[in-house]
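Report on the following structure.
The values are calculated or read from the model by the stated rules, or taken from the named source; none is laboratory data. Note that the coordinates shown come from a computational prediction; the quantities given were computed from them, not determined experimentally. As a convention, Cβ positions derive from the backbone with ideal geometry for all residues, glycine included, and neighbour counts pool all protein chains shown.
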Amino acid sequence: MTNITIFLGPPGAGKGTQAEKLSETFKLPHISTGVMLRDHVENETELGLIAKDILNKGNLVSDDLVTAMLIERIGKPDCDNGAILDGFPRTIAQAESLEIDDLKIKNVILFEVNEEELVKRMLDRGREDDTEESIKVRFEVYKKETAPLVDYYSNKGVLNSVNAFGEIDDIFNEISKFMKL
Ligand code: AMP
């Protein structure tokens, strides 16, 4: 049984930073579908060629493609004891595709934030897909496609919220408490 922890929250909320730290401390792989997709784009794989424009515009890659990529990754032996998912699921359909035997959604951490502050942070970060236009699209997509996952996981009794605007170490400590539950 693979115990899954999901980091849920809008773009720029610090999910990647925290996932990186927690992955080291709890010896669990950090799986970021955004990083995996950017690797595909860089390596000009078949998936990368399909995903490139979608990423640059801030839209979502299709559920089927991302889910296949993720399920294959979770099947690797380093995930036997669990994994931290950062950026997946992003739609209800993706969440449903995780409802399979051998996977247990142990914990969903919701990063709570203030949108204005986030946009500022993202423009500072300066990633290639962080243009003002694509940031706007990504927030719209988040609200429409991903925010419904808050109720979805809350109803399952696995949702824990953290205030994502504190100090990195305070947020880390807060999440660590939930990881030990
Ligand atoms: P991120 O690094 O998590 O912000 O993801 C960067 C981009 O990758 C997103 O804006 C989407 O275009 C794409 N992406 C990442 N994860 C997913 C996912 N679960 N479903 C669809 N698209 C995704």
> Looking at region 143-157, which of its residues are assigned to a helix (DSSP H, G or I) and touching a residue at least 12 places away in the same chain (Cβ under 8 Å)?
Replying inline: E145, T146, P148, L149, V150, Y152, Y153
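For every residue, the table says whether it meets (1) of a type outside the set (A, V, I, L, M, F, W, C); (2) modelled with pLDDT under 95.
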position: R90; (1), (2): yes, no
position: E96; (1), (2): yes, no
position: F111; (1), (2): no, no
position: L118; (1), (2): no, yes
position: G126; (1), (2): yes, yes
position: D130; (1), (2): yes, yes
position: V137; (1), (2): no, yes
position: V141; (1), (2): no, no
> Are there any pairs with C-beta distances below 7 angstrom linking a residue in region 58-78 that is more than 14 Å from L37 (Cβ to Cβ) and at pLDDT 95 or above to a residue that is outside any loop (DSSP other than H, G, I, E, B) and not charged (D, E, K, R), with the two at least 6 apart or on different chains, and if so which?
Replying inline: I74/T2; I74/A83
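Per-residue answers, yes or no, for (1) surrounded by fewer than 18 Cβ atoms within 10 Å (Cβ to Cβ); (2) within 13 Å of the ligand (Cβ to nearest atom); (3) of a type in the set (K, R):
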| position | (1), (2), (3) |
| --- | --- |
| F88 | no, yes, no |
| E99 | yes, no, no |
| K106 | yes, no, yes |
| L110 | no, no, no |
| E115 | yes, no, no |
| R127 | yes, yes, yes |
| R138 | no, yes, yes |
| Y142 | no, yes, no |
| L149 | no, yes, no |
> Quick one: what pairs do we get from region 10-28, first residue closer than 17 Å to K180 by Cα, second acidic (D, E), C-beta under 7 Å, 6+ apart or different chains?
Replying inline: A19/D86
> Taking interchain pairs and intrachain pairs at least six residues apart, which have beta carbon atoms under 7 angstrom, with the first residue in region 90-118 and of a type in the set (G, A, S) and the second assigned to a loop (DSSP other than H, G, I, E, B)?
Replying inline: A95/P89
> Taking region 1-44 as the region of interest, how many residues are hydrophobic (A, V, I, L, M, F, W, C), surrounded by fewer than 16 Cβ atoms within 10 Å (Cβ to Cβ) and more than 20 Å from K104 (Cβ to Cβ)?
Replying inline: 1
> Considering G16, G12, which residue is closer than 26 Å to L118 by Cα, within 14 Å of the ligand (Cβ to nearest atom) and either in a loop (DSSP other than H, G, I, E, B) or of a type in the set (S, T, N, Q) (or both)?
Replying inline: G12
> Consider I71 against the criteria (1) over 19 Å from P11 (Cβ atoms); (2) crowded, with 16+ Cβ neighbours inside 10 Å: it satisfies all of them except one. Which criterion is unmet?
Replying inline: (2)
>> Suppose the filter is of a type in the set (A, V, I, L, M, F, W, C), within 26 Å of L123 (Cα to Cα) and part of a helix (DSSP H, G or I); does A51 pass it?
In response: yes
>> Being hydroxyl-bearing (S, T, Y) and touching a residue at least 12 places away in the same chain (Cβ under 8 Å) is true for just one of T5, T45. Which residue is that?
In response: T5
>> Among the residues in region 56-71, are any outside any helix (DSSP H, G or I) and under 21 Å from G157 (Cβ atoms)?
In response: no
> Do we find a residue being charged (D, E, K, R), loosely packed, with under 14 Cβ neighbours inside 10 Å and within 13 Å of the ligand (Cβ to nearest atom) anywhere in region 45-68?
Replying inline: yes
